[in-house]
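Asks: Quick one: the structure is below, and I'll ask about it shortly.
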Amino acid sequence: MSPEPAARFTLPHPRGESVLWGGSGALAAAAGELREWVAGRRLFLLSTPRVRALHGAAPAPVRAAAAAVVELSAPDGESAKEPAEAIRLWREMAAHGGRRDSRLLCLGGGSLTDLGGFVAGGFLRGIEVAHLPTTLLAQVDAAIGGKTGVDLPEGKNLVGLFHHPALVVADTAWLGTLPREALRCGLVEAIKMAALLAPELLARIERDLDRLLAGDATALGPVVAAAAGVKAAVVARDPEERGERALLNFGHTLGHALEAAAGFGALAHGDAVAWGIRFALDLARERGWAADLAPRLTALLDRLGVPPLPPLDGAAVLAALQRDKKATEAGVRWVLPERLGQGRWGIVLPPAGIAARLGPFLAAGAAPARGL
Ligand SMILES: NC(=O)c1ccc[n+]([C@@H]2O[C@H](COP(=O)([O-])OP(=O)(O)OC[C@H]3O[C@@H](n4cnc5c(N)ncnc54)[C@H](O)[C@@H]3O)[C@@H](O)[C@H]2O)c1
């Protein structure tokens, strides 16, 4: 079966428009636009040692179109998002003659695109950035939509800004070197989006899950393209998360707290979100919601094979929840599913009720038999 061609979307936002390419052959399809974007400019090329070893530095024609190329590097994984990395990169860019019209091109996973977007948004009060996301999670979610940030010891993504990329090129060819764990984590983000915003995408993921988890490029292409389209549409309607964009945080309220309590990097982001979805489903069911969705999502998460939670202290998770950047003076805000294709955001729940549920939930999640 020949793969479906890459899809092109545009995402209008308050400062212009992002162009998104997603699917099989996206890089070749976007090559002209990428070359035009760097033509005659100083190009800062940010990647990580692992990504560079697996996929090279960046497509040669894009490099050739730039006036000068400066290679930058950041660590693999979540440690890229230490604020010290941003400062180091700003200084390197300044030392290498970075100007307002210089370009930053990021080749890597979501940690790298979060860092790169933040660096571009802060440097000289903002230079243009483009992302070549190389993980499924970054292709379906992290690289799209302009949210950037770095972590503090006190919490994940606590410092950041909105800075939309000029271009995002999500080519499924890069996914061929991803381990199954990374594919699983990316699928969790696609599932969260599909459950509340795109029922037809959820059905496709259910149908193709085994092939998706095995990294089958023919199955991955349409999911990357569809998820990019869903995210672009919701971000275009609500670019700075004043309303419905918050639906994309489904599973993230508890997910981020689990990551913080486990220590950044100890629990993969997608796995943490999978546990967060399960907790949000419990909260929804208590309200009589999600009767159609909960069994489907639970079955899908079971099939993903998410590992059990590490042993976590309930008080530490609760403290991390209360530091969540989406918390207001009134309390922590939750996204809960009402039914397939429909969720509610901004739901403030009393901390005492959450505290009472958290202990048993964490204990059950840590038991080996209860891996999702
Ligand atoms: N900005 C947003 O809207 C948004 C949305 C969702 C998640 N995120 C963020 O994304 C981050 C997670 O991103 P991630 O899951 O992509 O992980 P990651 O970027 O930390 O990458 C995980 C590992 O995969 C490696 N890798 C990257 N591409 C590879 C490839 N093609 N083959 C083999 N290995 C490869 C990386 O080097 C790294 O070691 C989190 O920090 C999360 O907060 C941001």
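Asks: Rounded to the nearest 0.05, what FRET efficiency is calculated for residue 363 and residue 57 with R0 set to 51 Å and r the Cβ-Cβ distance?
Replies: The computed FRET efficiency comes out at 0.65.
Asks: Something else about it: Which trypsin sites (Lys or Arg not before Pro) does the range 19-122 hold that lie in a coil by DSSP with at most 10 other beta carbons within 10 Å?
Replies: For trypsin sites (Lys or Arg not before Pro) across the range 19-122 that sit outside H, G, I, E and B with at most 10 neighbouring Cβ atoms in 10 Å, the list reads 100.
Asks: Separate question: Over the range 249-370, what is the relative contact order in percent, taking alpha-carbon pairs closer than 8 angstrom and at least six residues apart?
Replies: Answer for the range 249-370 is 29 percent.
Asks: Can I ask one more? Mind listing which trypsin sites (Lys or Arg not before Pro) in the range 323-365 are in a DSSP loop and have 14 or fewer other Cβ atoms within 10 Å?
Replies: 325
Asks: Can you sort 87, 205, 191, 347 so the residue with the fewest Cβ neighbours within 10 Å comes first?
Replies: In order of increasing Cβ crowding within 10 Å: 87, 347, 205, 191.
Asks: Taking the Cα centre of the chain as origin and charging only Cβ (+1 Lys, Arg; -1 Asp, Glu), how large is the dipole, in debye to the nearest 20?
Replies: 400
Asks: Length gain on complete extension for the stretch residue 90 to residue 330, per 0.36 nm per residue less the alpha carbon to alpha carbon distance?
Replies: The residue 90-residue 330 span can extend by a further 82.7 nm.
Asks: Here is a follow-up. Mind checking the angle between helix 199-213 and the chain's longest principal axis? C-alpha axes, 0 to 90 degrees, to the nearest 10.
Replies: Here the helix axis deviates by roughly 80 degrees.
Asks: Against the 2.2 N^0.38 Å scaling, with N counting residues, where does the chain land? I'd like the Cα-based Rg ratio to two decimal places.
Replies: After normalising by residue count via 2.2 N^0.38 Å, the value is 0.95.
Asks: Could you work out the relative contact order of the range 1-144? I mean the mean sequence separation of Cα pairs under 8 Å and 6+ apart, divided by the number of residues, in percent.
Replies: Relative contact order, the range 1-144: 20 percent.
Asks: Next question. Using Cα pairs closer than 8 Å and at least 6 residues apart in sequence, work out the relative contact order for the range 76-121, in percent.
Replies: Relative CO of the range 76-121 lands at 59 percent.
Asks: Something else now. Using the basic label-point model (7 angstrom from Cα toward the beta carbon), what is the residue 2 to residue 216 distance in nanometres?
Replies: Rounded to a tenth, the inter-label distance reads 2.0 nm.
Asks: Order these by the 10 Å Cβ neighbour count, fewest first: 70, 168.
Replies: Going from sparsest to densest Cβ surroundings: 70, 168.
Asks: Is the range 249-370 rounded, prolate or oblate when judged by the Cα gyration tensor, a ≥ b ≥ c being the square roots of its eigenvalues, rounded requiring a/c under 1.5 and prolate requiring a/b larger than b/c?
Replies: Verdict is oblate for the range 249-370.
Asks: Among 294, 310, 263, whose Cα sits farthest toward the positive end of the charge dipole of the range 249-370 (+1 at Cβ of Lys/Arg, -1 at Cβ of Asp/Glu, about the Cα centre)?
Replies: Looking along the dipole axis, the top candidate is 294.
Just so you know, all these numbers are worked out from the coordinates, no wet-lab data involved. Everything numeric here is computed off the predicted structure, so don't read it as measured data. Cβ atoms come from the backbone with ideal geometry, glycine included; neighbour counts cover every protein chain shown.
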